[in-house]
1. Is the shape of segment 133-262 rounded, prolate or oblate, going by the alpha carbon gyration tensor and its root eigenvalues a ≥ b ≥ c, with a/c under 1.5 for rounded and a/b larger than b/c for prolate?
2. Once the dipole of segment 175-234 is set up with Lys and Arg at +1 and Asp and Glu at -1 on Cβ about the Cα centre, which of Val187, His176, Ala216 lies farthest towards its positive end?
3. Specify whether the C-alpha gyration tensor of segment 67-207 places it in the rounded, prolate or oblate class, a ≥ b ≥ c being the square roots of the eigenvalues: rounded for a/c under 1.5, otherwise prolate if a/b is larger than b/c and oblate if not.
4. Give me the accessible area per residue for the chain, probe 1.4 Å, as a whole number in Å².
5. Using C-alpha positions alone, give me the convex hull volume of segment 164-225 per residue in cubic angstrom.
6. Please list 3J(HN,Hα) in residue order for segment 70-83, calculated via the Karplus relation 6.51 cos²θ - 1.76 cosθ + 1.60 where θ = phi - 60°; whole Hz, with x for glycine and proline.
7. In whole percent, what relative contact order does the chain give with Cα contacts below 8 Å and a gap of six or more residues?
8. For a quick check: with amide H placed at 1.01 Å from N, whose amide H comes under 5 Å from Val130's, ignoring anything fewer than 5 positions away on the same chain?
Amino acid sequence: MRLNQAEEIRYFTFDHLDNANLVHAVFARRGGVSPYPWESLNVGGLVGDDPSRVLENRRRSFRAVGRKMETMFDVWQVHGDEVVCAESPRPLDVPHQKADAILTDRVGLTLFMRFADCVPILLYDPYRRVAGLAHAGWIGTVKQTVKAAIVAMQDKYHSKPGDILAAIGPSIGMHHYEVGPEVAKQVRDVFGSDAKTLLVSPNGSEDRVQFDLWEANRIILEQSGVRQIEVARVCTACEAQDWYSHRGEKGQTGRFGVLIGL
């Protein structure tokens, strides 16, 4: 990833998406107006922060990349596999649709999501000119939300998976992400033999194992036919000075924003 700065706002971009001249950004937590424990560029509206501060943080984020808030389309993220194809911005007084993947082929529309450990996945087809975002925690990973997004890109926009550029953004690393036996079972059911590389038990105990969300979503993308995949390999729990981490900060934290737009 490349570090960019606009005034006090720090955001990261991916090399192959930059090379495709695509507007996108993964915003670090600095440069906003929110106090502790959301300090400072919190864009999450459901974590206890004042709505006026959240709105200002979103405005600052959009301004940093030369976009207007009025171009935003976002959803209510619910840890599912629903995909929404956006054709126009969502007015602030219109209720959110529930989804964990959003796509668009509309120039000037900006897709926006919020994260704090879950995996942000950015998608772009430079030939059909389609952009997308997906949100995957462990539930979205075993539900293969990003696969649903790739299928929707094929069905709705006639994208070819081999043309799609994908980027896996900052999220919780395997060494900080323990899961219980009920989650591990679902991972084994979905990933089969690949689960051996995705689940590691540092102490030899089957009760608590570590789950590699980065590699799991890379495998899903690859099995979906995507070949051009860039992985940030940045752990949100390790670098709390730059990222919000729900686990690392014991639930008392904000959400960082990710956007993409044609």
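1. oblate
2. Positive-most Cα among the choices belongs to Ala216.
3. In terms of gyration-tensor shape, prolate.
4. That works out to 43 Å² per residue.
5. Considering the Cα atoms of segment 164-225, their hull volume per residue is 75 Å³.
6. 3J(HN,Hα) across segment 70-83, in whole Hz: 5, 8, 6, 10, 9, 9, 8, 7, 10, 6, x, 10, 6, 10.
7. Contact order relative to length: 23 percent.
8. Asp125
The values are calculated or read from the model by the stated rules, or taken from the named source; none is laboratory data. Not measured: the values here are computed from a predicted model. All Cβ positions, even for glycine, are placed from backbone atoms using ideal geometry, and neighbour counts span all protein chains on display. For accessibility, only protein heavy atoms count, side chains too; no ligands or nucleic acids. Shrake-Rupley method; radii C 1.70, N 1.55, O 1.52, S 1.80 Å.
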